[in-house]
Amino acid sequence: IWGAVGIAGVLGAFGYSIYRSRKKIKKANKLLEEKNKIIKEKNENITASIRYARDIQTSILPRDEEIKRLLPESFILHKPKDIVSGDFYWLAEKEGRVYFSASDCTGHGVPGAFMSILSSSGLEDALKSKGLSKPNEIFDEVREKITNSLKSTEGFGKQKDGMDSVLCSWDKKNNSLEFACA
């Protein structure tokens, strides 16, 4: 009888231990589900925000109609790796010249997108506001704008941000092309 009581006691203790463990597991699973729900919601918000950033980034790119008007025998192949990217193309016309650029800014994703918007703005500003016309001078001005905007300085803490780019200036009247690479 004592043996049976002992075995029943051990089984009871074992059963209670399993019961407590299962209760802890259920509680932990519930916490994980809540955390996963929060993470999923945050990821959805971040992705929605990045998609909106893509719309903003796309708005700075030249429209297809403008490209076909200024460069009729051209095409654009733009396939960003991420939702937003550091790759961009740019096009403008001024005083009988067509200016066009293909650029790859430092970074991918969001950092690259920030750089592409800053660089595209720099190209636009150098051509239209500063009145520059030579591709190398425009690039010098863009570099200055990026350096100033990122508060880059020589030495400690110097930013490594920038872009690889080609900028062409096509004189339609004389059918001549000037370009700079940076």
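The values are calculated or read from the model by the stated rules, or taken from the named source; none is laboratory data. What you see is a predicted model, and the numbers here were worked out from it, not measured in a lab. All Cβ positions, glycine included, derive from the backbone under ideal geometry; neighbour counts span all protein chains shown. Areas reflect the complete protein model, heavy atoms only, side chains present, ligands, DNA and RNA absent. Shrake-Rupley method; radii C 1.70, N 1.55, O 1.52, S 1.80 Å.
Measure out, as a whole number of angstrom, how far apart the alpha-carbon centroids of the range 162-180 and the range 20-57 sit.
Cα centroid to Cα centroid, the span is 48 Å.
So what's the gap between the Cα centers of the range 66-84 and the range 126-149, to the nearest angstrom?
A separation of 23 Å, based on Cα centres.
For the range 69-148, what is the Kirkwood estimate of the hydrodynamic radius, computed as the reciprocal of the mean inverse distance between distinct Cα atoms, to one decimal in Å? Please list the in-between numbers first.
Details: mean 1/r = 0.0750 Å⁻¹.
Kirkwood radius, the range 69-148: 13.3 Å.
Compare Asn43, Asn148, Asn29 in a GNM of the chain, Cα atoms joined below 10 Å, and give the one with the largest fluctuation.
Comparing Asn43, Asn148, Asn29 in the GNM, the peak value goes to Asn29.
Can you pull the percent of the range 9-140's accessible area that's carbon plus sulfur, 1.4 Å probe, other chains left in place?
Values: 5220 of 9120 Å².
Exposed carbon and sulfur together represent 57 percent of the surface.
May I have the count of lysine pairs in the range 40-157 with C-alpha atoms under 23 Å apart, counting pairs 8 or more residues apart or located on different chains?
Number of lysine pairs found: 13.
Obtain the nm distance between the two label points defined at Lys94 and Thr147 by a simple spin-label model: each point lies 7 Å from its Cα along the Cα-to-C-beta direction.
Inter-label distance under the simple model: 2.0 nm.
What is the range 44-182 by shape, rounded, prolate or oblate, if you read a ≥ b ≥ c off the alpha carbon gyration tensor as root eigenvalues and call it rounded for a/c under 1.5, prolate for a/b larger than b/c, and oblate otherwise? Could the numbers behind the result be given before it?
Details: a/c = 2.26, a/b = 1.24, b/c = 1.83.
The shape class here is oblate.
Please calculate how many Å² of accessible area the chain carries per residue, with a 1.4 Å probe and no DNA, RNA or ligand atoms counted. Don't jump to the answer; show the numbers that get you there.
On the way: 12920 Å² over 182 residues.
It amounts to 71 Å² per residue over the chain.
By a straight-distance test (C-alpha under 18 Å), which aspartates and glutamates pair with Lys23 as possible cross-link partners, with residues fewer than eight away in the same chain excluded?
Within reach: Glu33, Glu34.
Calculated from DSSP H runs of 4 or more alone, at -39500 (n - 2.57) each and per residue, what is the 222 nm mean residue ellipticity of the chain, nearest 500?
Estimated from H runs of four or more residues: -19000 deg cm²/dmol.
So how much slack lies between Lys81 and Leu11, counting 0.36 nm per residue of separation and subtracting their Cα-Cα distance, in nm? Display every interim value, and only then the final one.
Values: separation 70, 0.36 × 70 = 25.20 nm, distance 5.95 nm.
Result: 19.3 nm gained on full extension.
For Ser169, what is the net charge nearby, where nearby means another residue's Cβ is under 13 Å from its Cβ and Lys, Arg count +1, Asp, Glu -1? Show your work: numbers first, answer last.
Values: positive: Lys94, Arg97, Lys134, Lys172, Lys173; negative: Glu93, Glu95, Glu137, Asp171, Glu178.
Value of the local net charge: 0.
Output the direction-averaged projected area (hull surface divided by four) of the convex hull of the alpha-carbon atoms of the range 1-96, in nm². Working shown, then result.
Numbers: hull surface 41.8 nm².
Averaged projected area of the range 1-96's Cα convex hull equals 10.4 nm².
Using a Gaussian network model on the chain with a 10 Å cutoff between Cα atoms, which of Lys68, Lys27, Lys145 fluctuates the most?
Residue with maximal mean-square fluctuation among Lys68, Lys27, Lys145: Lys27.
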